[in-house]
1. No other cysteine beta carbon under 4.7 Å away is the test; run it over the chain and list who passes.
2. May I ask which of LYS28/LYS73; LYS52/LYS73; LYS28/LYS52 have a Cα-Cα span longer than 20 Å here?
3. Using 7 Å Cα-to-Cβ label points, what is the ALA59/LEU23 separation (nm, one decimal)?
4. Apply 1/(1 + (r/R0)^6) to the Cβ-Cβ distance of MET1 and THR46, taking R0 = 22 Å, and write down the FRET efficiency to the nearest 0.05.
5. In percent, what relative contact order does the chain have, based on Cα pairs under 8 Å that are 6 or more apart in sequence?
Amino acid sequence: MECRSNCGACCIIPSISSAIPGLPNGKKSGVVCPHLDTDYSCKIYTNPDRPKVCADFKADILTCGNTREEALKLLTDLEAFCNSKH
């Protein structure tokens, strides 16, 4: 599945524990990544400093659904499930 334009759910919902340029301690779930542009694209998509976790994320129907709203819901549910396991 190709990444959906004007979505950005993966740059908002997941927590990231690794350093991100400008965020040396990563980011918390639900916090908008500072590199998310106004059109919901990643400003550092091709930058080698882009976190590995971001580069490894691949759009999938199970995480992204069919719309931005579905992606926000699915990723929120997945984040909550992962956090409940800790």
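A short reminder: the numbers here are calculations on the coordinates, not readings from a lab. Every value quoted in this text rests on a predicted model; they were computed, and no experiment measured them. Positions of Cβ are generated from backbone atoms using ideal geometry, with glycine treated the same way; all protein chains shown enter the neighbour counts.
1. So far as the 4.7 Å Cβ criterion goes, CYS3, CYS7, CYS10, CYS42, CYS54, CYS64, CYS82 stand without a partner in the chain.
2. Pairs exceeding the cut-off: LYS52/LYS73.
3. Each label point lies 7 Å from its Cα, and together they span 2.1 nm.
4. Working: r = 20 Å, r/R0 = 0.92.
It comes out at approximately 0.65.
5. On the way: 107 pairs, mean separation 29.1, N = 86.
Relative contact order comes out at 34 percent.
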